[in-house]
Each structure stands twice: as C-alpha cells, then as structure tokens.
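Colleague: I'd like to ask you about the structure that follows.
Derivation of every value follows stated rules applied to the coordinates shown; laboratory data play no part. None of these values were measured; they are calculated from a predicted model. Glycine also receives a Cβ, built like all others from the backbone with ideal geometry; neighbour counts cover every protein chain displayed.
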Number of protein chains: 4
Amino acid sequence: MNHTELRAELHALHLELPRNGLVTWTSGNISARLDGGLLIKPSGVTFAELTPESMVVTDLNAQVIEGDLSPSSDTATHAYVYRQMPEVGGIVHTHSPYATAWAATGQEIPCVLTAMADEFGGPVPCGGFAPIGGEEIGAEVVRVLKGHRSPAIILQSHGVFTIGKTPLAALKAAVMVEDVARTVFLAYQLAAARGVEVQTISPADIDRLHHRYTHVYGQQQHQETPCP
Amino acid sequence: MNHTELRAELHALHLELPRNGLVTWTSGNISARLDGGLLIKPSGVTFAELTPESMVVTDLNAQVIEGDLSPSSDTATHAYVYRQMPEVGGIVHTHSPYATAWAATGQEIPCVLTAMADEFGGPVPCGGFAPIGGEEIGAEVVRVLKGHRSPAIILQSHGVFTIGKTPLAALKAAVMVEDVARTVFLAYQLAAARGVEVQTISPADIDRLHHRYTHVYGQQQHQETPCP
Amino acid sequence: MNHTELRAELHALHLELPRNGLVTWTSGNISARLDGGLLIKPSGVTFAELTPESMVVTDLNAQVIEGDLSPSSDTATHAYVYRQMPEVGGIVHTHSPYATAWAATGQEIPCVLTAMADEFGGPVPCGGFAPIGGEEIGAEVVRVLKGHRSPAIILQSHGVFTIGKTPLAALKAAVMVEDVARTVFLAYQLAAARGVEVQTISPADIDRLHHRYTHVYGQQQHQETPCP
Amino acid sequence: MNHTELRAELHALHLELPRNGLVTWTSGNISARLDGGLLIKPSGVTFAELTPESMVVTDLNAQVIEGDLSPSSDTATHAYVYRQMPEVGGIVHTHSPYATAWAATGQEIPCVLTAMADEFGGPVPCGGFAPIGGEEIGAEVVRVLKGHRSPAIILQSHGVFTIGKTPLAALKAAVMVEDVARTVFLAYQLAAARGVEVQTISPADIDRLHHRYTHVYGQQQHQETPCP
C-alpha cells in the first residue's frame, strides 16, 4: 500500500470512531506504521474536518517529516510503542465512555464474557496514571501489553489504547473493548442491585475460547478483515 | 421462496442486527432452515461486507454444501436445534448488551412487564455455560426452549439465542428480548437506588396477556409480519 | 383538516416514535379524534410498513368504520378516553424504556427538574395495573389525568399514555416524559452511588415555573407547534 | 462576519445540539454577541423548524430589535452574562441528561478524568437554584464562572450553561460537559457496585494537564476550531 492509499485508509478508519460512539469532538486518534515512521491524525481537528491529506507523517521520535499541521499530542506515545513493539502496525486511542469509566476506578475489566475470552484472552488490563504529551503513556502501554494476549489497555483516569498488526485490527480492538466494558459494567450494576454475583469463567475455559477464536474463527484465507 | 430469495431475505435480516444495536463488528448471526439443511452467515465477516451470495449452505450436521466461505462458528449449534425442533424455521444469535449482562449474572429475566408477558409468556430463561463451536450450546438451547413459551434464551456468560417459525420471527424475538432486558434492568436499578420494589405480575395475568397477544393481537390474515 | 390530511399527519407523527427511541418493532400507537370517532394505527404493523392509508377509523366504541386492517389492540382504551375527556384530541401510547422502568416500580416520577415543572406541572403520576384490550386502561387514564396538570401517566408494569389537544401535543408529552424519566433515573442512581440527595423543588416554585411555561414560553401566535 | 453570516452560523450550530443528543423537542438554545446586543434562538421552536432568518436580535436588556418571533425565554440570562463578562462571545444552554442529573443532586462534577482537566481545568461547578425568565440565572452564571477556569456550569435542578469566546467554543464546552458528566457518572456507579473508589487526580497534575491543553494542544495557527 503506498502513502496515498494509506492516508485514505487511515482517514476512513478515523470516521469509524464517531460512527461507533468512541470519540467526542476532537478526542481520539489512530496511527499507522510507515517505513521508519508513522502516519497520524493532526492535533485538535474534528473528525468532520479530517481529510486524507491532513494526516501527518513523523519519524519514530515524533518529529514531523511531512504535513502542514501539528500531529496529535499523543504522537510521542504512538512512536514509543512502535519503537518498542515491532509487531505493532497500528494504534488507536480513545476516551470511549464505558472503558474510560473502568479506567477512572483504576481497575482491570474482568473476563466474564465469552466474547472477552475470544478477543482479549482474559481481563483487559489497567495501566497506571501517566502524564500526556511525552513518552510516559507509551512506556506504560508497552510495559503492560508486551507479551500480553490483550490488544487493549485502559489507562487510569484517562482512556484506552489498543494495538494491532494493522490499524484496522487496532480499531476492532477499540470497538470491542468499549462493547465489553459496557456489558460488564451492566452486569456488575445488575448483580449489585439484585444481590447476586457476576459468574466467572474458569481460566481453562478462557484459554480454550481464546485458542478457538484465534485459530478457528473467521475465514482462514482472509487474515485481515477488510474495512467495515 | 427459492434459494435466491432466501439469501436476499437473510441478508436483509442480518442488516437489522446492527440497525437495532444488537451486534458489534462481526458478532451475531442468523440462519434459515432449508430442505435438509440451513443457510447461515459466514464466519468473521462484518455486516457491511455481507452479501446475499456470501451466505453459506450446510447440511444439518454443519457440513458445507454450498459456499466459498467458512460458515459461522455457531453453525453446529444452529444445526442441532433444527434437528431437534422441527417447528423451528429460523434462529438468531447475538451478544446484545443488556440481555448479555443478565446472562453474565446467570439469572433469568423476570417477567415484570406486560410486554414480556405478551411476547415471552413469562421470564426469559437462562441456560448454563457451554463451550462454543460444538453442539453443546445447541443442546442447552433445546433442553430449555423445547415446550417453553419463550422463543428466547440467554446463555450464561455468553449471549442470546432466539428461535421462530421463520428467521423474521426469531429476529423479532431478538429485538424484543434486548428491549425488555434493558427496561427490566433499569427497573431493578431504580428499585435498588430508591428502596422500593419492582412490582410483579400474577401468573394468571401473565397467562391472560400471553393468550391475548398470541390469539388476538395483530392482523390475523398476516400471520407473518413482513420485514421491517 | 380533512381525513386525507389527518391520515398523512398521523402517519408522519408515528414515524417520530422510533426516531425518538420510544418504540420497538410494532409496539406503541397514536390516535387522533375525528367527528364521532378516531383514527388509529393498525395492530401489529411495524413503523416501516405503516402508510397513511393503513390507518383505521373506528367509532368511539372502538368499532371499525373504515379500513382493511384490525385497529390497535389499545383502541378501546383510546375510545374510552375520548368519550370521557372531550378536551382531548390526540393520544399516544408507548413502552419507552425509562418511563416504563418507573412504571415497573409502580412509582410516580418525582418533579425534581425545572423541565418537569414546566411541562408536567408536578410529578408524572403512576396508575394501577390494568389488563390490556378492554376499557380498563382507559378508565385508569381518565381517573388519574382528569383535572390533572400532567398530560402524561405511567401505568404500573406496562408503559406510558399521554394526551393532548392534538396528536402533536400528545407526542410532545410522550417525548418529554421519556426525557425526564431518564434524567430523574440518572439523578437517583447518582445520589445512591454517592450518598447524596436529589434536590427537591418547592411546590411554590413548581407552580411558578408551570405558569410561566404555559403562559409566557413559546410563540403566542403559534399555539400549535408544527410537526418536527 | 456580517449578520447574514452570523445567522447562518448560529443556525448551523443549533443543529449540532440534537445531533449530539443534548436537547429534546424545543429545549436548549445558543446565542452570539453582536455589537450592543445578541442574536438568539426564538422561543418554543423545534430544531427542525429553525431557520437562519428566524433568529432574533435583542439588545443587552433582552429587548427585541429585529425579528418576528419572541426570543428564547432565557434571553435575559444571556444578556446579563454578556453585560457582565465582556470576554464572552457565545453562550449555550441545554438540559443534556447526564449533566442535568448531576445538577439534580446539586453537586459539582469532580475532576477525575484527564479530559476534564484538559477542558475544564478542574471540577465543573454547580450553581444554586434560580427561577427561569429573569436575570437570576445569569447572575448565578456570572457569580460562579467569572474568573473560573471552567467554561461550563450546571445549575441546581435545571441544566447546563456554557460560555466561550465564540458560540462554537461554547458549543464545544456543552458537548464536552455532557461527555464527561456521563463518564464520571458511570465511574461512580461502577465504584459503588464493586466496592472500589474512583481515583483522584492531584491538583498539580490537573494544572499541568490544563496548561498543556490550553497552550500546546491543537493547531496554534487555528485558534478557532471550525464548525464540525
């Protein structure tokens, strides 16, 4: 895929963020790895204003290589993750409401749904508080997600980062983490109101579900789900 | 209805799943009974990508008869239900959020609304935990729903299955179960927050409401509601 | 307005029900008073299928005068209200989720928002449980709303009825009752979770707000808000 | 920007209110400062009916200068704020549900999200109860927001007012206050149901986040975010 195509794809993926209720106004961003750098949303631009051409190219130290606008203020975080995790090809950041509510309590999202076992292979982990703008968030993302089955992390008092082989895979994880964050939230509310318990899934069942989902589910000839 | 028409109808019904907020990304599926087999969604394909032609035909042992893609990983469950319940012509599976939250607590949804008495004739039952991919879920669906008035079951830690004479009737049940799961959820939250009780409906009133709805409501000349 | 225009208007108003999230599948209906009768939605028809021509004319004993379809199974209720309350020109019935959750607890919605004082002049009252299909619901609506400032009532374990001089005014009340039912629900949840109280508004302030809203607010030359 | 352009812009901004779920039926309004006056929504008109030409010009005592319709019944409040706070160029008023639920408890929204530190620089303050129609609400808005970092205030038992250098900036604050009101609501619900705490952010971190957001975030050459 050349740069023109990648800009068009990254633009199209950004439009999925408001369509899926993951972002408000200008918050949230997606990046794609390039040779020796990354392509990312410009800072403080609304999703309706975004164009393929407005995306910014930086190197892996977050220095602008190409683009008239300033890159996302989370660029140093994205760059750090790409430097430390060569398997990552796309990153998504949102403040999606249910996942961010979990992050506000500083608690991981427990794996109590088969859909979570499928997609995340266990709980969605919660990283510590880190300031915005530098590499601290990136360091927390890498510390927690490196070698972890989950492609998603929630960050205390802040929001969500997801990673994937491609920007699309990271977007899928961002959509799914909000979906399960909501359902698990509802389950705990219901349990508390009715004096019952949220049922757990055994670690062995979680392993079996995750293995099936990552080895059998879907179309084996289509490893990359196309853009929705 | 020939196969071409059935593929078109099943495709149209699948698009109702995201429109009604019942599914996320590729989750959820609908099947229709065919002579000696079934027609079902392909596995891991987003709703925007689906076409009438991409639907897969299998026999009632879940073996592919026609189609280039792998069928839904829930196909063995659908096939099992069609084998055991000859009256079923359509099946819907979702992880719709409110119904799945009830499933996460392993509790049936109590029949505390006239709309539930109408459509489900009592509580929406909750089946036990079962692994995904084989016939175990199908066995649980049949064990609980055979002879039951409810066309819907929630499965512990997993989601929803609904059945009907047609795929459309099963879809209606899937839409209605999420609707009542949400309202009853809200009622229990409100009762807990305000120290009051959710009001019950007597079994005799539930019977009367269900009888009226299934015998008087609607257009008697139009037993099958057309596609919305 | 002649019958053709009234059918077109009633059809357009019905489409506002799903647009405002007040109904699911075929539930909910609106009627308009005619000379010596009423015009109402046919039973068990989805909102996408409705047409101006499909609306049914009945007399005030709910006997069909004109129309090929069976009228709403709530027609006897509508007819009863029109017989008993000559000031009513339109009626709306929904199972909108937040208002119905209040109804499931059998509790009125307390008047704790200025918007409630404006529109309802106090709490939204809750009527008792009544069977569906006959005049019992109508009798409960009339018993509670006759001489009451609120154009809306919630009915235990069931849903919402609203009345107005016109079908549009009743629709507005149906939209507003769900809106305030949601906000007041959220307020009580918040108060319970944080150990604080929902603030009350004094009866004198409620009276002042309601008087201003019904005498000063809006365009005095436009008593009837046009269709949204 | 001449009056024709300002009317068109104010009309376009009003349409963002229902699009973002902040208003119901005719509630909510936006104004823009003019030389010696203000431009504001007419009273009791639905958003679908609004046109650029229907906006009303008043002086800073809320007396109509230009326009066939009565201005919003909140005009005296808007006028008071413009008189007392010369830095304000736009004002938005809504009853958005989550923020209004906080207002119903009479409690400020605690600053427990980095997005709140960014946009509001601390908690969103809650003003006292004030009658509608006169200047009392305006006085409460000015008393609380003058010299405050937050561009948003919630008013007890009522709703939200936001201010900005432009109507667009005030609209952004209205969108963001509902977004954070929802996420913080969810966080407290989750904490209460699970017996954990919502994590706080230190005052020093809030200061750092707010300084970065107001000095570094976004495009420095584009101080005014264009209309979304």
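Colleague: So which GluC sites (Glu not before Pro) in region D:134-216 pass both tests, a DSSP loop state and at most 16 other Cβ atoms within 10 Å of the Cβ?
Modeller: D:GLU197
Colleague: How long are the semi-axes of the equivalent ellipsoid of chain A, taking √(5λ) for every eigenvalue λ of the Cα gyration tensor, in whole Å from largest down?
Modeller: Ellipsoid half-lengths, sorted descending, are 30, 19, 16 Å.
Colleague: Next question. Suppose a student asked you for the relative contact order of region C:3-215, using Cα pairs under 8 Å spaced at least 6 residues apart; what percent would you report?
Modeller: 20 percent.
Colleague: Which chain B residue hugs the B-C rotation axis most tightly by its Cβ, and what is that distance in angstrom, to the nearest whole number?
Modeller: B:GLN189, 4
Colleague: Ok, one more. Express as a percent, rounded to the nearest 5, the fraction of DSSP beta bridges in chain A (both residues included) that run antiparallel.
Modeller: The answer is about 95 percent antiparallel.
Colleague: Where does helix D:167-194 land angle-wise versus the long Cα axis of chain D, in degrees 0 to 90, nearest 10?
Modeller: 30 degrees
Colleague: Under the rule of -39500 (n - 2.57) per DSSP H run of 4 or more residues, summed and divided by the residues of chain A, what mean residue ellipticity at 222 nm is obtained, to the nearest 500 deg cm²/dmol?
Modeller: Computed ellipticity for chain A at 222 nm equals -13000 deg cm²/dmol.
Colleague: Once both axes come from the Cα atoms, what is the angle between helix A:75-84 and the longest principal axis of chain A, in degrees from 0 to 90, rounded to 10?
Modeller: 70 degrees
Colleague: For C:PRO18, which inter-copy label distances result when the label point lies 7 Å beyond Cα on the Cα-to-Cβ vector, reported in nm to one decimal and in ascending order?
Modeller: 1.7, 1.7, 2.5
Colleague: Loop only per DSSP, at most 14 neighbouring Cβ atoms within 10 Å: give me the GluC sites (Glu not before Pro) in region D:73-123, ordered by residue number.
Modeller: Answer in residue order: D:GLU87.
Colleague: Which value, in nm² and rounded to one decimal, describes the direction-averaged projected area of the C-alpha convex hull of the protein assembly as shown?
Modeller: If you wrap the Cα atoms of the protein assembly as shown in a convex hull and average its projections, you get 35.3 nm².
Colleague: Go ahead and set up a Gaussian network model of chain A, Cα springs under 10 Å, then flag whichever of A:PRO86, A:PRO97, A:PRO71 fluctuates most.
Modeller: Of A:PRO86, A:PRO97, A:PRO71, the most mobile in the Gaussian network model is A:PRO86.
Colleague: To the nearest 20 debye, what charge dipole does the protein assembly as shown have about its Cα centre, counting +1 at the Cβ of each Lys and Arg and -1 at the Cβ of each Asp and Glu?
Modeller: Taking the Cα centre of the protein assembly as shown as origin, the dipole is about 1340 debye.
Colleague: Label-to-label distances across copies for A:ASN2, with labels 7 Å out along Cα→Cβ, in nm, shortest first?
Modeller: Counterpart label points of A:ASN2 in the remaining copies fall at 4.5, 4.5, 6.4 nm.
Colleague: Name the residue, out of C:GLN189, C:GLN156, C:GLN84, whose mean-square fluctuation peaks in a Gaussian network model built on chain C with Cα pairs under 10 Å.
Modeller: Highest fluctuation of the listed residues: C:GLN189.
Colleague: Which is the longest stretch in chain B that no exposed loop site breaks, taking sites as trypsin sites (Lys or Arg not before Pro) with a DSSP loop state and at most 16 other Cβ atoms within 10 Å?
Modeller: Maximal segment without exposed cleavage sites: B:1-145.
Colleague: If you don't mind, there's one more thing I want to ask. Within 10 Å of each Cβ in B:91-103, how many Cβ atoms from other chains are there, averaged over the peptide?
Modeller: Mean inter-chain Cβ contacts per residue within 10 Å come to 4.
Colleague: Nearest 5 is fine: what % of DSSP beta bridges in the protein assembly as shown come out antiparallel, could you say?
Modeller: In the protein assembly as shown, DSSP labels about 95 percent of beta bridges as antiparallel.
Colleague: Other chains near B:208-219: what is the mean number of their Cβ atoms within 10 Å of each residue's Cβ?
Modeller: Going residue by residue through B:208-219 and averaging, the value is 4.
Colleague: In which sequence would C:VAL196, A:VAL141, B:VAL112, B:VAL198 go, from the one with the fewest C-beta neighbours within 10 Å to the one with the most?
Modeller: Final ranking by Cβ density, sparse to dense: C:VAL196, B:VAL198, B:VAL112, A:VAL141.
Colleague: Of A:SER157, A:ASN2, A:VAL57, whose Cα points farthest to the positive end of the dipole of chain A (charges on the beta-carbon: +1 Lys, Arg; -1 Asp, Glu; origin at the Cα centre)?
Modeller: A:SER157
Colleague: With +1 assigned to the C-beta of every Lys and Arg and -1 to the C-beta of every Asp and Glu, and no other charges, what is the dipole magnitude of region C:3-215 about the Cα centre in debye, to the nearest 20?
Modeller: That gives region C:3-215 a dipole magnitude of about 480 debye.
Colleague: Grab the other residues whose beta carbon is less than 14 angstrom from that of A:THR75, score K and R as +1, D and E as -1, and report the net.
Modeller: -1
Colleague: Would you kindly work out, in nm and rounded to one decimal, the distances from the label point of A:ALA139 to those of the same position in each other copy, ordered shortest first, with label points 7 Å along Cα-to-Cβ?
Modeller: Taking the point 7 Å beyond Cα along Cα→Cβ, the inter-copy spacings are 5.3, 5.3, 7.5 nm.
Colleague: Quick one: angle between helix C:203-215 and the longest Cα principal axis of chain C, in degrees between 0 and 90, rounded to 10, please.
Modeller: With both axes taken from Cα atoms, the answer is about 40 degrees.
Colleague: Right, another one. Arrange the following residues from fewest to most other Cβ atoms within 10 Å of their Cβ: B:ASP68, D:ASP205.
Modeller: B:ASP68, D:ASP205
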